[in-house]
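Participant: Sharing a structure, written as structure tokens. Questions coming.
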Amino acid sequence: MEWVVPTFDFQPPRVSQTLVRAAHNVMYFSGAGALFARARAPAGAMILMYHGIVDSDDARWIDPRFSVSISTFEAQMKFLRRHRHVISMTELVDTIDRKKTVRPGTVVITFDDGYKNTLDTAAPILKRCDLPAIVYLATGYVSREKGQFIDVLFSAFRGRTRYALDLPDQGIDASSNLRDSEVARRIYLDIAHRLMVSSFEDRERLLGEVVEQLEPLDRARAPRLTLTWEEVHHLQRIHPRFEIGVHTRNHVDLTSSSPEAVSNEISGSVEDLRRELGTTPLHFSFPFGRSNDRARTAAMEAKLRSAAVTEPASLASSGADVFGLSRLSAPDTMSLFPFYTSGAYPDLSLKLLGRA
Ligand SMILES: [Zn+2]
């Protein structure tokens, strides 16, 4: 299916990012990456993080920063199948716990949140390629069958029919003109950040207010983007190598939550999975990759075996902290994918550019 880039561009790449990408291209196509990977043979796994795997319909409703097109995903998985050693999260954690070497070129595939397209589009491709993966569910969203707040916000801004927002208690007044896409982008990112760090109840209230005021045109046509528990069962049936982990109940930022909320969010998600699937989850990922000592301790107390964060990406090798496994947000392109999964990244980039 054709990949349509949404017209509302929220995050144009920064110039420095573009230059770093260009430098990565040089490293890869000059053969330096491959030479480095062979000569140094860096041991360790690159853990890839995906959210939505989307066709052009889903792309209308999901923040493009968190999605990869089906065709790119399929090309990436075929590449991994032929050229990399893909293992499950449990195999990786077993290897690290036993202090064995994680062989060079190892990759682990992870999905966050629990998008319906994890079942509809990603799972069949992974099954065809016979690759293991894990999805970390925000269990409250699965139980409520509600979409992630960021996508509700994205769709409200994309489809807006009103061009001012009046949210005095957020310091946003009606003078901002949302016809200007740069202003809209700035306010969108500002509200997204507020929603990220607020409690679940405050988030629902603010999000409801924003949607109400923007009156998005196609609101009634929004598809269900989140898996149901029945679909999670189905996912396990069609692809038993898909592990199911947890990602809190309400997808809140644990670093800005109270101690009670932190342990309730983590242990609650473990309970939800046990009740719905009859199995005990082993793996966790921190919402937004944000963690602190309290959150890590709560994950350990919930008897989880590992917890993943996000960038800066690094290779998970023997001796890695299994409660702080870093991941690379998978790019929606094939061009640098071989380099990013070669083992040469991020070491070679850090060495030559001083950054990943
Ligand atoms: Zn998430």
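Participant: Taking just the alpha-carbon atoms of the chain, what radius of gyration and Dmax come out, in angstrom?
Facilitator: Looking at the chain, its Cα Rg and Dmax stand at 20.3, 60 Å.
Participant: Name the residue farthest towards the positive end of the dipole of the chain from the options 76, 287, 199, assuming +1 on Cβ of Lys and Arg, -1 on Cβ of Asp and Glu, about the Cα centre.
Facilitator: 76
Participant: Take every DSSP beta bridge with both residues inside the chain and express the antiparallel ones as a percent of the total, to the nearest 5.
Facilitator: Restricted to the chain, the bridges split so that about 10 percent are antiparallel.
Participant: By average Cβ neighbour count within 10 Å, what is the ranking of 132-145, 319-332, 104-117 from highest down?
Facilitator: 104-117, 132-145, 319-332
Participant: Right, next: If the limit is 27 Å between Cα atoms, which of 99/127; 78/116; 99/303 go over it?
Facilitator: The answer is 99/127.
Participant: With labels modelled as points extended 7 Å from the Cα through the Cβ direction, what inter-label distance (nm, one decimal) is found for residue 238 paired with residue 204?
Facilitator: Going by the 7 Å Cα→Cβ label model, 3.1 nm.
Participant: If R0 is 22 Å, what FRET efficiency do you get for residue 321 and residue 91 from their C-beta distance, rounded to 0.05?
Facilitator: 0.80
Participant: If each residue of separation counts as 0.36 nm, what is the full-extension length gain between residue 334 and residue 173 once their alpha-carbon separation is subtracted?
Facilitator: Going from the current span to full extension adds 53.7 nm.
Participant: Where the centre of each part is set by its Cα atoms, how far does region 82-161 sit from region 233-300, in angstrom?
Facilitator: Answer, in whole Å: 13.
Participant: Please order 83, 51 by the number of other Cβ within 10 Å, starting at the fewest.
Facilitator: Least to most surrounded, the residues fall as 83, 51.
Participant: Want the number for residue 65 to residue 18: 0.36 nm per residue separation, take away the alpha-carbon distance, what's left?
Facilitator: 15.4 nm
Participant: Another question about this same structure. Short version: ³J(HN,Hα) in whole Hz for each residue of region 106-123, in order, from phi by Karplus 6.51 cos²θ - 1.76 cosθ + 1.60 (θ = phi - 60°), x for Gly and Pro, what are they?
Facilitator: Each residue of region 106-123 in turn: 7, 9, 10, 9, 10, 10, 9, 5, x, 6, 4, 6, 4, 7, 6, 10, 6, 4 Hz.
Participant: For region 270-326, which trypsin sites (Lys or Arg not before Pro) are in a loop by DSSP, counting at most 14 other Cβ atoms within 10 Å?
Facilitator: 303
Participant: Grab the beta carbon distance between residue 100 and residue 128, set R0 = 30 Å, and tell me the FRET efficiency rounded to 0.05.
Facilitator: Between residue 100 and residue 128 the formula returns 0.50.
Here, each number is a calculation from the coordinates, and none is a lab measurement. Bear in mind that the values here come from a model prediction, so they are computed numbers and not experimental data. Ideal geometry is used to build each Cβ from the backbone, glycine not excepted, and the neighbour counts take in all protein chains shown.
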